[in-house]
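Peer 1: Below are the structure tokens for one structure; questions will follow.
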Amino acid sequence: IPVVERCECAAEDWIPGDAALRVLSGVRPGSRCLARLAPDLAYGEAGKPELGVPPNTALEYDIEVLELTTLEEVTLDSQGRAMKKTIKDGEGYDRPSEGAEVRVRLEARDDHSGAALLEEQEVTFLAGLGRYCSAVEETVLTMKKGEACEVRCDHVDICTDTELGLRPTPDAAVVIVVELLDFSAVNMFSAEEPERVKHCTMMKEAGSRFFQTGSTRLALKRYHFVTTSLAYTGSWKDDSARDAAEGLRRACHLNSAACLLKLERWQEAEMACGMVLREDPGNVKALFRRGRALIELQEYREAEKSLRKTVELDRKSKEAAQLLAKAKQLLRAELEQSRKMLSRMAQGITKSEEEEEVAAQAAAAASADLPPPAPPTAPPPAEAESAEDDSIG
């Protein structure tokens with residue numbers, strides 16, 4: 001029974017709807033249970049005539065759980081374009097990290113026709129660098145040594161691979177069988193400082209290649225690997241390696257901001273720029289990208305400050321000047337809207353006070369048998385001010 005936020009079964013009389021997920025919640029392989037479904041959780045008023053189920057009928061299911069298989073999404077866009085099903089568990093708990101050397105066995109088939117799309121073969125590569133299709137590389141990063149799985153791809157763009165010779169047709173249901181035979185662990189915290197810089201430089205370059213080809217999420221993941229691996233360099237003993245690591249970290253924060261802007265994740269983009277500006281307050285790209293993010297977050301005053309500084313540092317940037325003008329326009333509109341709102345509030349308060357005063361006078365007059373006071377009249381028009389008025393406009 002595959003379970004991924006839903007329950008699927010080939011049997012036509014299986015428990016309909018979300019009730020199946022509720023029934024199977026918490027069960028273990030080898031267990032058996034009796035499930036009784038009220039009519040509204042079964043086939044309701046319509047029934048199921050083709051199965052002989054009358055309308056408004058309660059159903060009982062005698063269920064024995066033989067196996068539970070969890071499907072795991074291995075793409076980064078949360079669209080379910082590549083789903084991994086483990087068919088053999090691996091050893092231990094360790095998994096390859098980005099840049100680790102892995103040795104895997106691959107084959108692929110069209111699940112509709114059963115035709116072989118890729119004959120079984122073994123390949124060795126550095127995971128996460130983009131040598132092979134993302135359906136293979138991203139899956140390998142989730143696996144343990146000795147683990148085998150099937151990856152079902154609903155879109156051929158994530159499994160087309162010229163180097164492997166995998167060229168499915170658009171209507172193919174591609175299933176790739178992946179077995180992780182071995183991998184070399186990469187421990188970024190125990191490696192020598194220059195080796196950490198070298199490894200992170202390799203990952204930054206991989207991220208840049210992904211970004212240039214439009215794989216923004218894959219690029220962001222590689223940049224994130226660098227920024228987390230080099231987050232703490234204050235205790236490094238090698239000054240040259242530390243300087244290189246800090247420059248690399250700033251570059252990847254800046255590149256992450258570019259990715260996050262493309263993905264419209266404005267708050268995270270602003271934070272990434274902030275990480276750069278802490279160390280380099282005059283970084284023009286960070287100031288500009290922060291200004292873009294702040295405009296989308298409707299923080300126009302801060303956006304105007306950031307973009308103003310950008311223009312001061314780079315007067316040739318037409319894009320920064322245009323965005324600064326936009327920020328100023330939006331800020332003026334926001335201030336005007338706030339002024340109007342405060343004016344309406346003040347008018348409301350004044351009117352309320354006048355009404356309360358009239359009501360109080362009327363109550364006092366009633367208690368003294370006096371006629372109620374007349375409502376307040378508008379004040380006479382003020383005389384025109386002199387042209388020599390020295391008030392500030």
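The values are calculated or read from the model by the stated rules, or taken from the named source; none is laboratory data. These numbers were taken from a predicted model, which means no experiment stands behind them. All accessible areas refer to the heavy atoms of the entire protein, side chains included, with ligands and DNA or RNA removed. Shrake-Rupley method; radii C 1.70, N 1.55, O 1.52, S 1.80 Å.
Peer 1: Tell me, what is the per residue accessible area of region 45-163 in Å², probe radius 1.4 Å? Mind dumping the intermediate values first?
Peer 2: Values: 6340 Å² over 119 residues.
Normalised by residue count, the accessible surface of region 45-163 is 53 Å².
Peer 1: Here is a further query. Dividing the alpha-carbon Rg of region 14-85 by 2.2 N^0.38 Å yields what?
Peer 2: Cα Rg divided by the expected 2.2 N^0.38 Å: 1.41.
Peer 1: Please report, as a whole percent, how much of the solvent-accessible surface of region 143-204 comes from carbon and sulfur atoms (probe radius 1.4 Å).
Peer 2: Summing carbon and sulfur atoms, their accessible area is 50 percent of the total for region 143-204.
Peer 1: Suppose a student asked you for the relative contact order of region 31-184, using Cα pairs under 8 Å spaced at least 6 residues apart; what percent would you report? Walk me through the numbers on the way to the answer.
Peer 2: Working: 338 pairs, mean separation 36.3, N = 154.
24 percent.
Peer 1: Using Cα centres only, tell me the gap between region 275-316 and region 102-127 in whole Å.
Peer 2: Using only Cα atoms to place each centre, the spacing works out to 47 Å.
Peer 1: Another one. Bin all alpha-carbon pair distances of region 142-228 at 10 Å intervals from 0 and give each bin's fraction as a whole percent.
Peer 2: 14, 29, 41, 14, 2
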